[in-house]
Amino acid sequence: MLVPATNSELNFTSELHIPAANKPRIVIIGGGFAGLELSKKLRSVDAQIVMIDRYNFHTFQPLLYQVATAGLEADAIAGPLRKVLKSGNSKSDFYFRVATVREIQYDKNTVATNLGMLRYDYLVIANGSKTNFYGNKSIEEQAFALKQVPQALAIRNHLLKNFEKAQLAETIEEQQSLMNVVIVGGGPTGVEVAGALGELKLHVLPKDYPELDFRRMQIHLVEAGNRLLNGMTDNAGKKAEEYLKDFTVQIWKEVSVKAFDGSHVELSNGMTLPSTTLVWAAGVTGNLIKGLPAEAILQGNRIIVDEYNRVKGIENIFALGDIAAMVSEEHPKGFPMLAPVAMQQGKTLGDNLKRMLNKKEMKPFKYFDKGSMATVGRNRAVVDLPNKMSFQGFFAWFVWLFVHLMFIIGFKNRFIILTSWVWNYFTYDHSNRLIIPTQIKSKKEKEELYV
Ligand SMILES: Cc1cc2nc3c(=O)[nH]c(=O)nc-3n(C[C@H](O)[C@H](O)[C@H](O)COP(=O)(O)OP(=O)(O)OC[C@H]3O[C@@H](n4cnc5c(N)ncnc54)[C@H](O)[C@@H]3O)c2cc1C
């Protein structure tokens with residue numbers, strides 16, 4: 001017979017059911033690039049580690065655009081956090097909870113989550129960034145962001161549904177508005193989305209929808225600045241532009257999007273583009289959790305940290321990755337929001353927390369810039385090396401493939417992605433063209449699907 005345990009037997013100290021321990025508790029918010037690297041470093045530390053994430057998986061954001069454009073399945077770019085954290089951690093005092101942190105009460109050393117309160121001795125905030133709509137509510141309501149797996153799947157579903165609808169459109173204008181896509185932001189994400197859509201338009205969609213005239217499909221990339229890939233060299237920006245034109249992408253520079261009503265995109269140059277799809281890749285802002293003092297927050301919702309990633313004015317709270325702004329003369333707004341910065345900060349803080357617990361001096365963070373890259377459809381990519389050298393074309397694309405494959409979590413995901421890429425390359429296919437409803441709740445949805 002099963003005997004239910006009582007609370008006193010289980011020795012719970014909080015509503016998150018984390019057992020009490022007579023050693024320091026380090027709470028990590030976020031299992032992204034920074035949080036994961038930190039947790040790996042803390043495997044052998046004499047402390048209780050609790051990681052909290054709103055999802056039970058880690059997302060490899062650089063490949064989200066391939067999920068949105070049907071090139072990869074969502075599971076291939078995500079790794080279950082419990083599995084990733086368990087490897088090597090079986091003997092340590094390590095706990096994971098799926099929860100959303102809503103507030104940090106730094107004067108009480110607690111965080112408030114949707115599941116209850118949790119006390120910490122040391123807190124690490126590594127909860128990344130979110131899409132910045134710069135206060136434009138109408139765009140925020142109607143446009144698609146690309147920061148999380150559900151958003152990538154929403155884009156894929158919407159695009160494919162649009163082609164189904166376009167076949168039944170009553171007018172050319174309605175059909176065009178369903179087929180067109182407008183992407184805002186000429187950074188790496190906008191360029192990569194535009195390139196992948198160009199590839200779909202030229203090589204994949206015409207086979208699925210032979211009744212549609214794909215010369216009518218327009219892909220617009222709108223950039224407020226005077227060049228693409230602003231964080232990279234001029235060469236890289238120019239080459240990306242050239243590549244995108246090969247994929248029939250129309251580029252609008254020094255133009256911004258003023259409004260979007262769900263079927264028309266209004267541009268600052270007075271033009272209106274008919275499109276029911278607006279992908280917003282025009283910027284990110286810190287994913288700030290309320291509660292920290294105002295003097296610790298920089299413009300852009302990033303948390304000001306010192307060279308040890310310690311939050312300004314608070315001894316036992318640290319911040320890492322996109323959410324952290326380590327301000328210096330060279331980087332007055334903090335380091336760029338990139339995966340290598342997050343990973344390197346996670347590793348350094350892991351070493352530093354061990355040092356601190358062993359009463360040793362901490363070492364300041366030093367960023368090792370390995371360069372940057374972006375791909376523009378098949379066979380084309382741009383790579384900038386840290387010494388300002390840059391190269392483009394097929395070799396750059398190969399380097400891009402290799403680097404992304406190496407950083408994906410888990411052998412299985414690597415294998416799936418490699419086989420998908422090889423398949424897509426030789427068949428000119430993006431084989432994940434499935435419209436999978438993410439929820440079947442409304443009466444209308446149930447009726448449509450005979451649920
Ligand atoms: C589409 C796209 C493409 C990109 N491409 C590149 C690229 O090619 N190269 C590159 O270097 N960088 C790229 N980046 C940037 C890179 O992904 C980020 O810099 C990196 O993810 C930052 O790591 P992080 O650990 O700070 O945050 P993240 O990796 O975002 O992790 C944050 C974690 O915190 C969790 N979380 C958030 N809020 C809460 C909360 N309140 N409670 C609990 N959990 C929470 C999230 O679920 C997430 O797991 C790209 C980003 C995007 C969106």
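The numbers here are math on the coordinates, done by the rules we state, and not lab data. Keep in mind that this is a model prediction, so the values were computed, not measured. Backbone-built Cβ (ideal geometry, glycine too); neighbour counts: all protein chains shown.
Counting pairwise Cα distances across the range 261-351, what percent come out greater than 17 angstrom?
Of the Cα pairs, 57 percent sit more than 17 Å apart.
In sequence order, what are the phi-derived ³J(HN,Hα) couplings for the range 62-74 according to the Karplus relation 6.51 cos²θ - 1.76 cosθ + 1.60 with θ = phi - 60°, rounded to whole Hz, with x for glycine and proline?
x, 10, 4, 4, 6, 6, 5, 10, 6, x, 9, 7, 4
Give the long-range amide H neighbours of R302: residues separated by 5 or more places, or on another chain, with amide H under 5 Å away, using H modelled in the peptide plane at 1.01 Å from N.
Distant-sequence amide H within range of R302: G286.
Any chance you could check the Cα centroid distance between the range 228-261 and the range 147-193 for me, in angstrom?
So the two Cα centres are separated by 18 Å.
Return the long-range amide H neighbours of Q48 (sequence gap of 5 or more, or a different chain), with a cut-off of under 5 Å between placed amide H atoms.
R25, I26
Looking at this model, which pairs from K161/K207; K40/K363; K41/K83; K108/K312; K108/K363 are more than 20 angstrom apart at the alpha-carbon?
Cα-Cα > 20 Å for K108/K363; rest within.
Where does each of 401-409, 15-23 land if you order them by average Cβ count within 10 Å, highest first?
Working: 401-409: 15.2, 15-23: 13.0.
So the order, starting with the most tightly packed, is 401-409, 15-23.
Go through 158-171, 355-368 and give me the packing order, highest mean Cβ count within 10 Å leading.
Details: 158-171: 15.2, 355-368: 12.6.
Most protected by this proxy first, the peptides run 158-171, 355-368.
Over all Cα pairs of the range 390-429, how is the pair count split among 5 Å bins, expressed in % and running from 0 up to the last occupied bin?
Binned Cα distances yield the sequence 6, 22, 24, 25, 16, 6, 1.
With θ taken as phi - 60° and the coefficients 6.51, -1.76 and 1.60, list the Karplus ³J(HN,Hα) couplings across the range 364-376 in order, rounded to whole Hz; mark glycine and proline as x.
So the Karplus estimates, Gly and Pro as x, are x, 6, 10, 8, 9, 6, 9, x, 9, 8, 8, 10, 10 Hz.
So for the range 173-267: antiparallel DSSP bridges make up what percent, rounded to the nearest 5?
Working: 3 of 12 bridges.
Bridges in the range 173-267 that DSSP calls antiparallel: roughly 25 percent.
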